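FYI, it's all coordinate maths here, none of it is from the lab. Keep in mind it's a predicted model, so treat the numbers as computed, not measured. Here Cβ is always computed from backbone atoms with ideal geometry, including for glycine, and neighbour counts include all displayed protein chains.
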Amino acid sequence: AQSVTQLDSQVPVFEEAPVELRCNYSSSVSVYLFWYVQYPNQGLQLLLKYLSGSTLVESINGFEAEFNKSQTSFHLRKPSVHISDTAEYFCAVITNRDDKIIFGKGTRLHILP
Amino acid sequence: DTGVSQDPRHKITKRGQNVTFRCDPISEHNRLYWYRQTLGQGPEFLTYFQNEAQLEKSRLLSDRFSAERPKGSFSTLEIQRTEQGDSAMYLCASARDRSNYGYTFGSGTRLTVV
């Protein structure tokens, strides 16, 4: 069965600094990968997804993630964070043989002024 | 398209009471999922439907939990004889056909059992 590991439960970073949120997955078959964001007291919103093709995927608000098959990783990055990026970020995976998405435990992004 | 709606947003109940939550998916989505999220954890899969058929249930879903999607549209999740350990955010999501394109989540129902 597939699984997702988010190595950091919390990441503090100064405003306008770069950030990387790490995600590793485990699966014996092909996967599709997602990053979801959850703002306080809200549901999850899809931030970006990798299905196939280019291994670098981007979101509309400046985040990007790179699929690395050899390292089984899908790290999320942003070159300059804003206070509005304060949220919890979840990495998730589904295989082409399964019917449900499996989520990591999440990484809380703290933006310091 | 008004997104996925969940009702109520918050529910406080006494231990031992029954509760029922409702989820209205995006109208053209034939798949509907229930997840549970506790503090500091990611969403954990509970069950899912394709149209009105319940296709998979997690071992997390004890006999006290039941979910229905009677006409392939809205779904209900009922918890009987609630326990304090049931306190969590219950999330509903819907998807068109397969899930590999991602789900659309509702805002969730936060259950507190006192």
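Among strands (runs of 3 or more DSSP E) lying entirely in region A:16-113, which contain 1 or more residues that are out of contact with any helix residue (DSSP H, G or I) (no Cβ under 7 Å at 6 or more places or on another chain) and within 16 Å of A:ALA1 (Cα to Cα)?
Output list reads A:24-26, A:31-38, A:87-95.
Please go through (1) on the phi > 0 side of the Ramachandran plot; (2) more than 14 Å from chain B (Cβ to nearest Cβ) for A:HIS75 and return the number of the only condition it doesn't satisfy.
(1)
If a residue has to be in contact with a Ser or Thr (Cβ under 8 Å, 6 or more places away or on another chain) and crowded, with 16+ Cβ neighbours inside 10 Å to count, how many in region B:21-43 make the cut?
So the count comes out to 10.
Can you name the residue in region B:44-70 that is aliphatic (A, V, I, L, M) and surrounded by 15 or more Cβ atoms within 10 Å (Cβ to Cβ) and, of all such residues, is farthest from the chain's Cα centre (by Cα)?
If we take residues in region B:44-70 being aliphatic (A, V, I, L, M) and surrounded by 15 or more Cβ atoms within 10 Å (Cβ to Cβ), then B:LEU61 is farthest from the chain's Cα centre (by Cα).
Can you find a residue that is within 24 Å of A:THR5 (Cα to Cα) and hydrophobic (A, V, I, L, M, F, W, C) anywhere in region B:64-86?
no
Quick one: in region B:76-114, which of the residues that are away from chain A (no Cβ under 14 Å) and among the hydroxyl-bearing types (Ser, Thr, Tyr) is surrounded by the fewest Cβ atoms within 10 Å (Cβ to Cβ)?
It comes out as B:THR76.
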